[in-house]
Amino acid sequence: ILVALGDAVPDTVRSFLTIFLAAVVGCQEIHKWSHMVAPPKAVVLLQKAGLLLSRRDHGQHHLSPFEGKYCIVNGWCNGFLDRVEFFRRLEVFFYRKNGSEPIAWKLDPELKRSALEKFSR
């Protein structure tokens with residue numbers, strides 16, 4: 001799309017979008033590795049060093065009661081974001097805006113009820 005628009009897109013916007021999209025792809029790759037039973041050896045070393053999210057740490061996010069650990073790169077922000085219930089608040093916000101339910105709510109209806117009750121206006 002950027003190529004088709006040619007000079008209509010400023011270089012700063014083109015650079016930002018290129019870096020942003022590369023970061024998104026990189027984050028998804030790191031997230032994929034946190035699901036792999038046998039990721040590449042270099043990835044295992046980075047996971048053990050705490051620089052990338054490990055399978056064990058990310059696996060907690062997929063267990064009931066689905067209360068947190070949403071960060072998919074290294075998990076460094078999980079503690080703070082879980083304490084302030086950032087993602088639960090975000091789920092409620094988007095549910096109210098467009099009616100879209102998080103998968104966790106479908107797996108645990110009590111979670112939906114408690115989130116909506118806790119963060120009601």
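The values are calculated or read from the model by the stated rules, or taken from the named source; none is laboratory data. Keep in mind the model is a prediction, meaning the values are calculated, not measured. A quick note on method: Cβ atoms are made from the backbone with ideal geometry, for glycine too, and the neighbour counts reach across all protein chains shown. SASA here: full protein model, heavy atoms, side chains in, ligands and nucleic acids out. Shrake-Rupley method; radii C 1.70, N 1.55, O 1.52, S 1.80 Å.
Structure notes:
- Test: residue in the stretch 66-82 that is of a type in the set (S, T, N, Q) and at pLDDT below 90: no
- Pair list, Cβ under 9 Å, 6 or more apart: the stretch 4-33 residue within 21 Å of residue 62 (Cα to Cα) and open to solvent by 60 Å² or more (accessible area, probe 1.4 Å), other residue among the hydrophobic types (A, V, I, L, M, F, W, C) and not in a helix (DSSP H, G or I): 28/72
- Filter pass, residue 86 being under 13 Å from the mean Cα position of the chain (by Cα) and either basic (Lys, Arg) or open to solvent by 60 Å² or more (accessible area, probe 1.4 Å) (or both): yes
- Residue in the stretch 45-55 that is surrounded by 12 or more Cβ atoms within 10 Å (Cβ to Cβ), touching a residue at least 24 places away in the same chain (Cβ under 8 Å) and not charged (D, E, K, R) present: yes
- Residue selected from the stretch 3-25 under the condition modelled with pLDDT under 95 and small (Gly, Ala, Ser), by the criterion nearest to the chain's Cα centre (by Cα): 15
- Some residue of the stretch 94-107 being part of a helix (DSSP H, G or I), under 13 Å from the mean Cα position of the chain (by Cα) and of a type outside the set (Phe, Trp, Tyr): no
- Residue count for the stretch 87-99, restricted to those that are touching a helix residue (DSSP H, G or I) at 6+ places or on another chain (Cβ under 6 Å) and either without any contact (Cβ under 8 Å) to a residue 12 or more places away in the chain or of a type in the set (Val, Ile, Thr) (or both): 1
- Taken residue by residue, the stretch 57-75 has no member that is part of a helix (DSSP H, G or I) and aromatic (Phe, Trp, Tyr).
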